[in-house]
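K.L.:
Can you keep this structure in mind? I'll have questions shortly.
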Amino acid sequence: MSNPHIIAVPFPAQGHVIPLMELSQCLVNHGFRVTFVNTDYNHKQVVNALAADESQLSDRICLVSLPGGLEPWEARHEVGKLCEATERVMPGKLEELIEKINQGEGDKVTCVIADECSGWALEVAEKLNIRRVAFYPASAAILTLQFSIPKLIHQGIINDDGTVLRSQMIQLAPGMPTMKTTEFLWACMGDLTAQKIVFQVMVRNNKAAKLAEWIVCNSAYELEPAAFTVAPEILPIGPLLASSRLGNSACYFWPQDSTCLQWLDQQPPCSVIYVAFGSTTFFDQTQFQELALALELSQRSFLWVVRPDITDKTSDPYPEGYQDRVASCGLMVGWAPQQKVLAHPSIACFLSHCGWNSTIEGLSNGVPFLCWPYCSDQFLNESYICDVWKVGLKLKKNENGIIPQGEIKSKVEQLLGDENFKARASKLKEMGMTSVKEGGQSHRNFKNIIEWMKTC
Ligand code: UDP
């Protein structure tokens, strides 16, 4: 008998690849075969990192790659360029791949699960008459904002090219986080050209989402009841975490430095500040050094992820003598096994850029946050963390646009000095995790979808 065969197509960025791979691993555990499509560039990074981590994926997951349209030296963090290149090159290549698989001896493709941000893949699936699921790796709230674009244009809040016409706070529904219109996802993505491209991609994705037979999202009803009420077509299936399946997370672009877990074992419970800013955040030298000094000043232990490309400095980016001075209390690594780090009992709080994966990974482990958003949906996630769930504090910039050491130090003290943050975070952890267990809503949605997928 043939196995149901899924093609999984993430948007080509780390924060999209990880949760779709997690979903793929869950599907494999239910008897599916998955072909996971990265761009050539990301595929190479993933394969190198898998080899360095000495880890292996299930043989029911086949990693394949297609050209992503950018040359190896072209910047992938410029999201406008990334979207344009992807949409120009990948649809044709995906079509060829599916046709090749279907003409071969193996299991035919029964369903495409595409990142909602890669709506073009849903269009390809429709063209080839293959069943379709849209997977959204971020919050229901931000997808609701995207679905609300026509309404925002109609209300005169934005132009039809996404330009923000009225600077104000808005709330899409009671109970949802408030957002500044100037911090709408597309409005804080690079320069004006990039903003317009991202906006057009979102408009196109709104159309493509209509082609999907299911729209699922890496969130839980308990975390965002208002958003799921406003947009009931979005079904939560999260939080998707490797720990729920008692497995390891996979598909990283960099090898993980797992020695930090042994270092954490030596720290007292609830004592360490974990500092990480996801896969693309970039620091100028002044801000980087200010953060470094703040961590030193805090007189607490810290684990800080300093990606090799986090600053533009090719040489040592730290203040002079810094690494020696903090050696007894601080550990810097290039890439951490973050899900395991956040689950470690020694972690006291998470200084984060508030990417959605980081947000739900922290929440699912009951860890309070210090929020340092940069772009994309991170401001909205900060609003969830600080204003709705009340499990974190915002950091304020000074008149020069810098978050100064004193601000970081005092917010660390405030956060860790008030037990209510931890208490609320622990409660939320229970709520979120109940959702993916037998009887929970995310679990039910997932079961329904896999039953449907088996009939495709
Ligand atoms: N991550 C990791 N190790 C690190 C830093 C980040 O494994 O040292 C993972 C993290 O667990 C999360 C993802 O990278 O799953 C980052 O996604 P997020 O949405 O938080 O941020 P983005 O990178 O998309 O800005």
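K.L.:
For Lys396, list the lysines whose Cα falls under 30 Å from its own Cα; do not include residues on the same chain fewer than 8 positions away.
P.N.:
Reachable lysines: Lys180, Lys196, Lys313, Lys340, Lys409, Lys411, Lys422, Lys427, Lys429.
K.L.:
Name the longest site-free stretch of the chain, where the excluded sites are GluC sites (Glu not before Pro) in a DSSP loop with no more than 15 other beta-carbon atoms within 10 Å.
P.N.:
Counting only loop sites that pass the neighbour cut-off, the longest clear stretch is 106-212.
K.L.:
Let me ask you something else. Please arrange Asp59, Asp312 by accessible surface area, largest first, computed with a 1.4 Å probe and ligands excluded.
P.N.:
Per-residue accessible area, sorted high to low, gives Asp59, Asp312.
K.L.:
Using the beta-carbon distance between Asn420 and Arg245 and R0 = 41 Å, what value does 1/(1 + (r/R0)^6) give for FRET efficiency, to the nearest 0.05?
P.N.:
After rounding to 0.05, the efficiency reads 0.80.
K.L.:
Rounded to a whole number, what % of the accessible area of the chain do carbon and sulfur atoms account for, probe 1.4 Å?
P.N.:
51
K.L.:
Between Thr286 and Asp312, what is 0.36 nm times their sequence separation minus the Cα-Cα distance? Round to one decimal in nm.
P.N.:
Taking 0.36 nm per residue and subtracting the Cα distance, the gain is 8.2 nm.
K.L.:
For Glu233, project a label point 7 Å along Cα to C-beta. Then give me every residue of the stretch 97-117 with its amide nitrogen under 17 Å of that point.
P.N.:
Residues 114-117 qualify, since their backbone N sits under 17 Å from the label point.
K.L.:
Hey, what do the phi angles of the stretch 441-456 turn into as Karplus ³J(HN,Hα) couplings, whole Hz, using 6.51/-1.76/1.60 and θ = phi - 60°, x for Gly and Pro?
P.N.:
5, 4, 5, 4, 4, 4, 4, 4, 5, 5, 4, 4, 4, 5, 9, 5
K.L.:
From the backbone phi of the stretch 424-433, what are the Karplus-calculated ³J(HN,Hα) couplings (6.51 cos²θ - 1.76 cosθ + 1.60, θ = phi - 60°) in whole Hz, Gly and Pro given as x?
P.N.:
Ordered by residue, 3J(HN,Hα) equals 5, 5, 5, 5, 5, 4, 4, 4, x, 6 Hz.
K.L.:
Using a/c under 1.5 as the rounded threshold, could you call the stretch 362-456 rounded, prolate or oblate? The axes a ≥ b ≥ c are square roots of the C-alpha gyration tensor eigenvalues, and prolate needs a/b larger than b/c, oblate otherwise. All intermediate terms of the calculation are to be shown ahead of the outcome.
P.N.:
Details: a/c = 4.61, a/b = 2.02, b/c = 2.28.
It is oblate, given that a/c is not under 1.5 and a/b is not larger than b/c.
K.L.:
A follow-up question, please. Using a 7 Å offset from the Cα along the Cα-to-Cβ direction at both Gln168 and Asn48, what is the distance between the two label points in nm, to one decimal?
P.N.:
4.9
K.L.:
Where nothing but the Cβ of Lys and Arg (+1) and of Asp and Glu (-1) is charged, how large is the charge dipole of the stretch 190-338 around its Cα centre, in debye to the nearest 20? Please report the intermediate quantities before stating the final value.
P.N.:
Working: 9 positive and 15 negative charges, 106 e Å.
My answer is approximately 520 debye.
K.L.:
Oh, and also: Which residue, chosen from Val391, Gln414, Trp335, occupies the Cα position most advanced towards the positive end of the dipole of the stretch 282-435, where the dipole is computed from +1 (Lys, Arg) and -1 (Asp, Glu) charges on Cβ about the Cα centre?
P.N.:
About the Cα centre, the residue reaching furthest to the positive side is Val391.
K.L.:
To continue, here is another question. Roughly how big is the chain's charge dipole about its Cα centre, with Cβ charges of +1 (Lys, Arg) and -1 (Asp, Glu), in debye to the nearest 20?
P.N.:
Roughly 1020 debye for the chain.
K.L.:
I'd like the distance separating the alpha-carbon centroids of the stretch 68-133 and the stretch 176-238, in whole Å.
P.N.:
20
K.L.:
Each label point is 7 Å from the Cα along the Cα-to-Cβ direction; what then is the distance between the points at Gln323 and Lys390, in nm?
P.N.:
4.4
K.L.:
Ignoring everything except DSSP H segments at least 4 long, calculate the 222 nm mean residue ellipticity for the chain; use -39,500 (n - 2.57) per segment, divide by total residues, nearest 500.
P.N.:
After summing the helix terms and dividing by the residues of the chain, the value is -12500 deg cm²/dmol.
K.L.:
Also: If contacts are Cα pairs under 8 angstrom and at least 6 residues apart, what is the relative contact order of the stretch 1-157 in percent?
P.N.:
Rounded, it is 25 percent for the stretch 1-157.
K.L.:
Also, quick follow-up: Once you put a point 7 Å from the Cα of Asp59 and another 7 Å from the Cα of Glu71, both along the Cβ direction, what distance in nm separates them?
P.N.:
Using points 7 Å along Cα→Cβ, the separation is 4.1 nm.
K.L.:
Kindly report the accessible area of the chain per residue (heavy atoms of protein chains, probe 1.4 Å, no ligands, DNA or RNA), in Å².
P.N.:
Numbers: 19150 Å² over 456 residues.
That works out to 42 Å² per residue.
K.L.:
Please give the FRET efficiency for Glu126 paired with Lys447, using the beta carbon to beta carbon distance and R0 = 22 Å, rounded to the nearest 0.05.
P.N.:
0.30
K.L.:
Angle, helix 14-28 long axis vs. longest principal axis of the chain, Cα atoms, 0 to 90°, nearest 10?
P.N.:
50
K.L.:
Still on this structure, I have one more. Taking Cα pairs under 8 Å and at least six residues apart, what relative contact order does the stretch 117-273 come out at, in percent?
P.N.:
Values: 180 pairs, mean separation 42.6, N = 157.
It rounds to 27 percent for the stretch 117-273.
K.L.:
Net charge near Gln287, counting Lys/Arg +1 and Asp/Glu -1 over other residues with Cβ under 13 Å of its Cβ? Please list the in-between numbers first.
P.N.:
Working: positive: Lys313, Lys397; negative: Asp284, Glu290, Asp312, Glu407.
Net charge in that neighbourhood comes out at -2.
The values are calculated or read from the model by the stated rules, or taken from the named source; none is laboratory data. Bear in mind that the values here come from a model prediction, so they are computed numbers and not experimental data. Positions of Cβ are backbone-derived with ideal geometry, glycine not excepted, and every protein chain shown enters the neighbour counts. Surface accessibility is based on the protein's heavy atoms, side chains included, excluding ligands, DNA and RNA. Shrake-Rupley method; radii C 1.70, N 1.55, O 1.52, S 1.80 Å.
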